[in-house]
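Presented below is the structure to which this report refers.
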């Protein structure tokens with residue numbers, strides 16, 4: 001999950017992704033509708049003969065499965081779009097985590113370098129103090 005401070009930066013990108021996915025889902029639904037219409041058009045000559053014999057009840061019975069199929073196709077397209085959006089969001093979250101970890105490693109590295117420099121300074125100061133102590137003892141004739 002992205003840090004809340006990144007939300008204003010991510011919102012346009014996520015909105016663009018959602019719009020692209022919605023356009024893709026709309027295109028898929030349109031393609032499915034075209035396919036269903038083609039099936040209905042292919043069956044119309046046979047359907048006309050059946051309607052002449054059986055009447056309007058048969059027409060209603062054949063329209064309902066087509067509407068159900070279209071509804072199922074719409075639901076499937078929506079489910080695919082939701083899954084794709086979820087995958088994209090997961091990938092975005094993984095990328096953000098990797099970036100955060102890399103930034104954390106750099107921060108830790110910088111911190112440790114600073115501490116190492118401080119320890120070197122302390123070691124140098126202790127070395128200076130030990131040298132002065134030896135010099136003082138040598139002047140005073142102590143071992």
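All of the numbers you see were taken from the coordinates with simple rules; none came from a lab. Keep in mind that this is a model prediction, so the values were computed, not measured.
Once you have the Cα-Cα distance between residue 136 and residue 99, take 0.36 nm times their residue separation minus that, and quote the gain in nm to one decimal.
On the way: separation 37, 0.36 × 37 = 13.32 nm, distance 5.53 nm.
The residue 136-residue 99 span can extend by a further 7.8 nm.
For the range 68-143, what value does the Rg/Rh ratio take when both radii are computed over Cα atoms and Rh is the Kirkwood radius, given to two decimals?
Working: Rg = 32.3 Å, Rh = 18.5 Å.
That ratio is 1.74, to two decimals.
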